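Input: a single structure, listed below in structure tokens.
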Amino acid sequence: GIQVEQSPPDLILQEGANSTLRCNFSDSVNNLQWFHQNPWGQLINLFYIPSGTKQNGRLSATTVATERYSLLYISSSQTTDSGVYFCALSFYTGFQKLVFGTGTRLLVSP
Amino acid sequence: DGGITQSPKYLFRKEGQNVTLSCEQNLNHDAMYWYRQDPGQGLRLIYYSQIVNDFQKGDIAEGYSVSREKKESFPLTVTSAQKNPTAFYLCASSADSAGANVLTFGAGSRLTVL
């Protein structure tokens, strides 16, 4: 099955700093999503990005499908960015079963 | 506002008891999913349903059961056969289960077995 590795596992930042989170995957995929899980457990979809680059405010994501990795950029981090960031991938076999990585835990301190 | 409602938020259960977690969505989504999350880990798929009256096992279905009698509802029962049921349970839905199925998640239910 698909293997998903995220790095770094933990990250501590000062407010205002920038960061890059990485997601490596083992096979061709046609569905890649980034999620943010807040400290209360709520998961929010950030990007659907099987290839290319997208931006949403201070966040942007790039997926290079041919090299099997995706990057999530956080600029000018805020304390509300704290939580766990997951990438999730699937390949289509009649059903899009998402496989989640183990996440990057981010703490942004004031 | 459209969304997914999970209840209860917190649940305590004695060993040997079955418990049912509720998941209701008003997004008119066809597909619904149940995931389990253990501390420090990613999400693992328990069951999914692509359409009413149909559901399929995910990667860790043993000890769990579901039903999909209505489009908006997908309850999960954690049975006494589940060896290690203490976990955070997340319900999700998507417009369909193929193509660009962007998932929307509920707020989760935290189950603790005493």
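The values are calculated or read from the model by the stated rules, or taken from the named source; none is laboratory data. The structure presented is a predicted model; accordingly, all values stated were derived computationally and were not measured. Using ideal geometry, Cβ is built from the backbone for each residue, glycine included, and neighbour counts are taken over all protein chains shown. Accessible surface is based on the protein model in full, side chains and every heavy atom, while ligands, DNA and RNA are left aside. Shrake-Rupley method; radii C 1.70, N 1.55, O 1.52, S 1.80 Å.
For region A:21-47, backbone nitrogen atoms closer than 18 Å to the point 7 Å from B:D96 Cα along Cα-to-C-beta are found at A:30-32. The heavy atoms of B:S80 present about 60 square angstrom of accessible area, all protein chains included, probe 1.4 Å. Antiparallel DSSP bridges in chain B: what percent, to the nearest 5? Once the DSSP bridges in chain B are tallied, antiparallel ones form about 90 percent.
In the elastic network of chain B, a GNM with C-alpha springs shorter than 10 Å, the most mobile of B:A31, B:A81, B:A92 is B:A81.
These residues, A:K97, B:K57, go from largest to smallest accessible area, 1.4 Å probe, as B:K57, A:K97. Shielding by partners for peptide A:39-47, expressed as the average number of C-beta atoms from other protein chains within 10 Å of each residue's C-beta, is 4. Computed over protein heavy atoms with a 1.4 angstrom probe, the accessible surface ordering of A:K54, B:K71, B:K83, largest first, is B:K83, A:K54, B:K71.
Local charge for B:L90 was computed over the other residues whose Cβ lies under 13 Å away, with Lys and Arg +1 and Asp and Glu -1, and equals +3.
Per atom type, chain B shows carbon and sulfur on 47% of its accessible surface, probed at 1.4 Å. Inter-chain neighbour count for A:49-57: the average number of beta-carbon atoms from partner chains within 10 Å of each residue's beta-carbon is 0.
What number of lysine-lysine pairs in chain B show an alpha-carbon separation below 25 angstrom, given a sequence spacing of 8 or more or placement on distinct chains? Here the count comes out as 8. Largest mean-square fluctuation among A:G83, A:G57, A:G41, in a Gaussian network model of chain A whose springs join Cα atoms under 10 Å apart, belongs to A:G57. Among the protein heavy atoms of chain A, carbon and sulfur supply 50% of the accessible surface, probe 1.4 Å, non-protein parts ignored. Working note: Karplus 6.51/-1.76/1.60 with θ = phi - 60° gives region A:36-47 the couplings 10, 10, 6, x, 9, x, 6, 9, 10, 6, 9, 8 Hz, where Gly and Pro are set to x.
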